[in-house]
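Everything below concerns the one structure shown next.
The values are calculated or read from the model by the stated rules, or taken from the named source; none is laboratory data. Just so it is clear, the model here is predicted, and its values are computed rather than measured. Counting neighbours? That spans all protein chains shown, and the Cβs are built from the backbone with ideal geometry, glycine included. For the accessible areas, the whole protein counts, side chains as well, though only heavy atoms, and no ligand, DNA or RNA atoms are used. Shrake-Rupley method; radii C 1.70, N 1.55, O 1.52, S 1.80 Å.
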Amino acid sequence: QVQLVESGGGLVQTGGSLTLSCVASGRIFRSSAMGWFRQAPGKEREFVAAMRGSSTITHYADSVRGRFIISRDNTQNILYLQMNSLKPEDTAVYYCAAKGAMTITTFPSHYEDWGKGTQVTVSS
């Protein structure tokens, strides 16, 4: 099992930037696929970005590709999400997730461990 704690959320204006962090502990971080998901009020949790375990291979949702960057520091067990050119529709609670396998998936049900989330609000 992996324990995940997100931070870095907040209130930002349209066009601004934020960087989210997710500190992981427990199971070996390096080999786990890690992902970011988000959930807006009244909507289902949706995939944002993921990074393959033991690799730099990444995958992004179409809605954030070119604006968001996922990265990881395996020496400190931290996953990052750099968010640029933020839009009001990016407003949501952002969750960090981990799965035991290395392969990337976009389905929340495929991830075994979740953080409690951090709120991101983009004002227009």
**Complete:** the chain accessible area per residue, 1.4 Å probe, protein heavy atoms, integer Å², reads 50
**Message:** Can you compute the FRET efficiency between Thr103 and Thr14 using 1/(1 + (r/R0)^6), with r the Cβ-Cβ distance and R0 = 22 Å? Round to the nearest 0.05.
**Reply:** 0.05
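Taking Cα pairs under 8 Å and at least six residues apart, what relative contact order does the range 19-124 come out at, in percent?
Values: 222 pairs, mean separation 34.2, N = 106.
That works out to 32 percent.
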**Gap separating the Cα centres of the range 10-27 and the range 55-122, nearest whole Å** = 9
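Round to a whole number: what % of the accessible area of the chain belongs to carbon and sulfur, probe 1.4 Å?
Numbers: 3150 of 6190 Å².
Here carbon and sulfur together make up 51 percent of the probe-accessible area.
Restrict the search to the range 31-96; then list the trypsin sites (Lys or Arg not before Pro) that DSSP places in a loop and that have at most 16 other Cβ atoms within 10 Å of their Cβ. All intermediate terms of the calculation are to be shown ahead of the outcome.
Numbers: sites: Arg38, Lys43, Arg45, Arg52, Arg65, Arg67, Arg72; in loops: Lys43, Arg45, Arg52, Arg65, Arg67.
The qualifying sites are Lys43, Arg65, Arg67.
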**Item:** Approximate spin-label separation Ile69-Thr56, in nm, with each point projected 7 Å along Cα-to-Cβ
**Value:** 1.1
